[in-house]
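Scroll down for the structure; my scribbles are underneath it.
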Amino acid sequence: MDHSVRKSFYLKTFGCQMNVYDSERMTEALAREGYAETAELESADLVILNTCHIREKAAEKVYSDLGRIRDIKDARGRHGKNTVIAVAGCVAQAEGAEITARQPAVDLVIGPQSYHRLPELIKRIADERKSIVETEFPGDEKFAKLTARRRVSSPSAFLTVQEGCDKFCSFCVVPYTRGGEFSRPVAKIEAEARELVRAGAREIVLLGQNVNAYHGEGAGGRAASLADLIRHLAGIDGLERLRYMTSHPRDMSDDLIAAHAEIPQLMPFLHLPVQSGSDRILAAMNRKHTATEYIDVIGRVRAARPDIALSSDFIVGFPGETDQDAEATIDLIEKIGFAQAYSFKYSPRPGTPAAIRSLQIPEELKTERLLRLQAVLEGQQVAFNCRSIGGVVPVLFERQGRQAGEFVGRTPYLQLVHAAGAGDLVGSTANVAVTEARRMSLSGVIAAA
Ligand code: 5AD
Ligand code: SF4
């Protein structure tokens, strides 16, 4: 390899926090190989798209991006420069060899469980001059082989503790793209968490597709629950805040609920997707719980931590959804009261059971139901934020704001806060007196350090 010129890579990340985490780990691995990151596609020797398969027509969008990247590769080729194109993430896992068949300019298709092999595979492409498709599910090897040295770009860092899902909700691709549930051992997670704190993290968000089903190897080879893991990590000096996402209502165990009452570092925020408020639709979605059971879980969480901020995911227009079902979802929202939420129109994912159901809902009706649902959720979000006005909240500052002297951070309830401050506040927690509230953020003045 020619060491006189540093190679550069361009990495674009789509989708969820898990992909953000994976991209950070790939960046670290490539930096160790001497690659420098670039924001310019045209100057990159290696282009990686870390893709997401959740949204509609995700694969089609990737193919159209790849068409543009191929043009750049061709143009660079005319100047004697080689470009390696890699597709990573869930579209890579789902489409596999279909990608190189449809876009032969692609050199590497790499699934989420194979990122530790990225440097080696890139070398192989250079030597053998042929494309590689790597989409096996080798379990924990990825985490074991990725670098121990972590870099943090924000005081709030992601740490993947669990991957995959065994739930098979009938609309969801995750069990197919990320495979079955797999939990990392506590000791490995603790070592990584300590490394993140050493590198400057003050908050760690524990990630997993179904994170509250976590059951990693703990002390003495016994299985540890997510609550056990959180208790354990709360002992790390300098780690002020812990969060976790995303959870399933069925896995909201008593010890995890108790952890919300007992562990000060565990932030009072819970993202617990419900998807629908209609028992008929919940059954068709294979969610394995009823609306009443969800409301009951929330009741127990609130008994443990009365001020907890709640978040959820909703799907409107699932096949067979009637006006009555849609109203049942609105009812559930009104009964619970959410601080924030994500809502989506159902869109068929190839390979999932719901995609081939009859009674698919017309697009206009989905849009109508989505707008109605979002109006209710947005009202709740504004109301939740407005309740903060006049109060004082501890804010962990994550970055500088757009205006000079402005800093942006988060409350324990995950609300975004803008405040002016002297010196560099990034990485520190300060009390902020909240003066203004909008749907997406708060503003305030720093009350005391
Ligand atoms: N259609 C619409 N929304 C979906 N989600 C997952 N699959 C689909 C689909 N086929 C949503 C769910 C999930 C979130 C991450 O994405 O609400 O909780
Ligand atoms: Fe998908 Fe979540 Fe259902 Fe698992 S629990 S299948 S990740 S929606």
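So the values come out like this:
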read-out	value
Check on A309, more than 13 Å from ligand 1 (Cβ to nearest atom) and more than 21 Å from the chain's Cα centre (by Cα)	no
In segment 169-189, residue nearest to A92 (Cα to Cα) [restricted to those that are out of contact with any Ser or Thr (no Cβ under 7 Å at 6 or more places or on another chain) and within 15 Å of ligand 1 (Cβ to nearest atom)]	T177
Residue match in segment 86-97 (condition: within 16 Å of ligand 2 (Cβ to nearest atom), at positive phi and of a type outside the set (A, V, I, L, M))	yes
So E364, is it more than 14 Å from ligand 1 (Cβ to nearest atom) and touching a residue at least 60 places away in the same chain (Cβ under 8 Å)	no
Residue check, G235 away from ligand 2 (no atom under 16 Å from the Cβ), at pLDDT 95 or above and surrounded by fewer than 19 Cβ atoms within 10 Å (Cβ to Cβ)	yes
Long-range neighbours under 7 Å by Cβ, at least six apart or interchain, first residue closer than 16 Å to R300 by Cβ and modelled with pLDDT of 95 or more within segment 250-274, second hydroxyl-bearing (S, T, Y) and assigned to a helix (DSSP H, G or I)	V274/Y294
Test result for D166, part of a loop (DSSP other than H, G, I, E, B) and within 16 Å of ligand 1 (Cβ to nearest atom)	yes
Listing of helices (runs of 4 or more DSSP H) fully contained in segment 275-341 that carry 2 or more residues being closer than 29 Å to P412 by Cα and modelled with pLDDT of 95 or more	291-304, 323-336
Identity of the residue in segment 160-172, open to solvent by less than 10 Å² (accessible area, probe 1.4 Å) and within 10 Å of ligand 2 (Cβ to nearest atom), that ends up nearest to N19 (Cα to Cα)	G164
In segment 238-262, residue farthest from T322 (Cα to Cα) [restricted to those that are open to solvent by less than 30 Å² (accessible area, probe 1.4 Å) and part of a strand (DSSP E or B)]	R241
Output for segment 263-286, where each listed residue is open to solvent by 10 Å² or more (accessible area, probe 1.4 Å) and within 11 Å of ligand 2 (Cβ to nearest atom)	Q275, N286
Only listed residue being closer than 29 Å to A193 by Cβ, surrounded by 17 or more Cβ atoms within 10 Å (Cβ to Cβ) and out of contact with any Phe, Trp or Tyr (no Cβ under 7 Å at 6 or more places or on another chain), chosen from A157, A58, A105	A157
Residues of segment 41-78 classified as assigned to a helix (DSSP H, G or I) and among the hydrophobic types (A, V, I, L, M, F, W, C), total	8
Selection within segment 212-223 - more than 16 Å from ligand 1 (Cβ to nearest atom) and open to solvent by 10 Å² or more (accessible area, probe 1.4 Å)	H215, E217, G218, A219, G220, G221, R222, A223
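Results for (1) open to solvent by less than 30 Å² (accessible area, probe 1.4 Å); (2) under 15 Å from C169 (Cβ atoms), shown as yes or no for each residue.
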position	(1), (2)
K288	no, yes
T329	yes, no
A354	yes, yes
R357	no, yes
N385	yes, no
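The values are calculated or read from the model by the stated rules, or taken from the named source; none is laboratory data. These numbers come from a predicted model, not from an experiment. With ideal geometry, Cβ positions are generated from the backbone for all residues, glycine too; neighbour counts draw on all protein chains shown. Note: areas computed on protein heavy atoms with side chains; ligands, DNA, RNA excluded. Shrake-Rupley method; radii C 1.70, N 1.55, O 1.52, S 1.80 Å.
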